[in-house]
Each structure stands twice: as C-alpha cells, then as structure tokens.
C-alpha cells in the first residue's frame, strides 16, 4: 500500500505507514517534534508524589538553560521494517 503526503506530495515510506497506518504526512511535513520528559516530586512529608512533565525542546532548553543534545534518532534515518535483520 502506498500513499502520498497531502502537504508535499512525496510518497510516505512503508515503514511509517506500518507504524502509523493513518499517517497523512511524510516525516518532513509532520507537525510532531521531539519531546523531553522531566520527573518532578511534589508535596511534603507523607503526601509526596512523583509526576512526569513533557516539554518541547525549546521549553526544556529555557528551563535548564542549555541544550543537552538529542537522544532521539534522526527522523531522516528511515527504518525499513519490511527487511529488518
């Protein structure tokens, strides 16, 4: 099954369609960006709790004051799920 990106017209890779069968855009046109997760602890004494906050890369850099580098794979590196070794 093949499908073209509705924004740029490029063919959407088979691996992306396998992972996201309803994908309408290629990776380059996708509006999704990398997120960072930060664990926070709140409350006091026996009422403490942990929570996870998801931040965009820009929010993360603003909060921590530096770019710690990407830990996510480059979206340009396509994975061929049909021919995995």
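The values are calculated or read from the model by the stated rules, or taken from the named source; none is laboratory data. Predicted model only: the values in this text are computed from it and were never measured. Every residue, glycine as well, gets a Cβ built from its backbone with ideal geometry; the counts of neighbours run over all protein chains shown.
Overview of values
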item	result
Enumeration of residues in the stretch 43-65 that are assigned to a helix (DSSP H, G or I) and more than 13 Å from the chain's Cα centre (by Cα)	45, 46, 47, 58, 59, 60, 61, 62, 63, 64
Selection count where residues are within 30 Å of residue 12 (Cα to Cα) and free of Cβ contacts under 8 Å to residues at least 12 places away in the same chain, scope the stretch 31-58	3
Selection within the stretch 1-42 - exposed (fewer than 10 other Cβ atoms within 10 Å of the Cβ), in a loop (DSSP other than H, G, I, E, B) and modelled with pLDDT of 90 or more	9, 21, 22
